[in-house]
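Read the structure below first, then the notes.
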Amino acid sequence: MSYHVPIMASEVITALAIKKDGLYLDATLGGGGHTRAILEAGGKVVGIDRDDDALEHCKATLNGGVTYIKGQYEDAAKLLRAAEIFSVSGAVMDLGVSSHQLDDGARGFSYMRDGALDMRMDRTQKLSAYDVVNGYSEEELVRILWEYGEERFSRRIASSIVRARAKEDINSTVELAEIIAASVPHRVGGHPAKKSFQAIRIEVNGELSGLRAALDGIFGMIERGGRLAVITFHSLEDRIVKTAFADYATDCICPKSLPVCVCDHRATGRIIGRYKPSQDELNANPRAKSSTLRVIEKL
């Protein structure tokens, strides 16, 4: 089972300023790369992931010092409290799909590898990519392709999908990728199905709908002086993180049209910075290209 080298691991560890024996949350455990780095820096970790493959991989490859919890990051605060953990020294979230999920054709995430239309990070959930592709109305498909993939040919692609499935169900990733590729003009620098597969994956796993709740819950669990580090991979999730961090770091969040503050909101965080991977990391791991790391400190 292969997992990617963790994105910006050294930057994350520096940003979190790991305290010896401090307890840190890895809310997107994945292959355990960031958790391993935290352990090596002297911290302890509670790791959350919805993917059983990830949990089993980490249990088999990481040494002690980790508490494992199966669940979704949007429920992180509730899951921690259920485990009688009421605060953490800091937290990291590495959003998006893991290399293992992409590289395993059977998981159905990749337009480059043939497999059943799945895309479920938690394979015990009911909704899959097959259900979205074969069951959503044309207008629903247009919406998710536009909103979650920023796909400007969303209407053309949705129409092609509906016409194809009227003949017989669309069952495989390669079949779907070919339908999409035939629906749009040739693109330079990227596969024509990339945005659509991203959109369907986000819909299947509810990645954006629960992100703000996850950030609010996790940031609320961090001790004063602790930090939250979040790695994003596309503009949609990065925009949510950027907005949340700005809210945490701002005293008044009233609409600008109001002449006086009525929200009584007070800043609970201080933005530390925004980071991109180094050229050396990009040379070693091209998949890091679109990543952005944002860090905020709890006041």
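Readers should treat all values here as calculations from the given coordinates under stated rules, not as data from a laboratory. The structure presented is a predicted model; accordingly, all values stated were derived computationally and were not measured. Ideal geometry is used to build each Cβ from the backbone, glycine not excepted, and the neighbour counts take in all protein chains shown.
So the values come out like this:
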{"read-out": "Eligible lysines near residue 70 by straight Cα distance, threshold 28 Å, same-chain separation 8 or greater", "value": "19, 20, 44, 59, 78, 126, 242, 298"}
{"read-out": "As computed over segment 111-205, the Cα convex hull volume per residue (Å³)", "value": "88 Å³"}
{"read-out": "Highest-MSF residue in the chain out of 273, 220, 47 [GNM, Cα springs under 10 Å]", "value": "273"}
{"read-out": "Local net charge near residue 105, Cβ-Cβ under 12 Å (Lys/Arg +1, Asp/Glu -1)", "value": "-2"}
{"read-out": "C-alpha center-to-center spacing [segment 250-287, segment 179-220] in angstrom", "value": "22 Å"}
{"read-out": "Most mobile of 38, 202, 253 in a GNM of the chain (Cα contacts under 10 Å)", "value": "253"}
{"read-out": "Calculated FRET efficiency for the pair residue 174/residue 139, C-beta based, R₀ 25 Å, to 0.05", "value": "0.45"}
{"read-out": "Net charge contributed by nearby residues that have their C-beta within less than 13 Å of residue 55 (K/R +1, D/E -1)", "value": "-3"}
{"read-out": "Mean separation of Cα contacts under 8 Å (6+ apart) over length of the chain, as relative contact order %", "value": "18 percent"}
{"read-out": "Residue of 139, 150, 84 that the Gaussian network model of the chain assigns the largest fluctuation, springs spanning Cα pairs under 10 Å", "value": "84"}
{"read-out": "Options (i) 57; (ii) 36; (iii) 41 - which one matches percent of Cα pairs over 28 Å apart as calculated here", "value": "(iii)"}
{"read-out": "Environment charge at residue 277 (Cβ cut-off 11 Å; Lys +1, Arg +1, Asp -1, Glu -1)", "value": "0"}
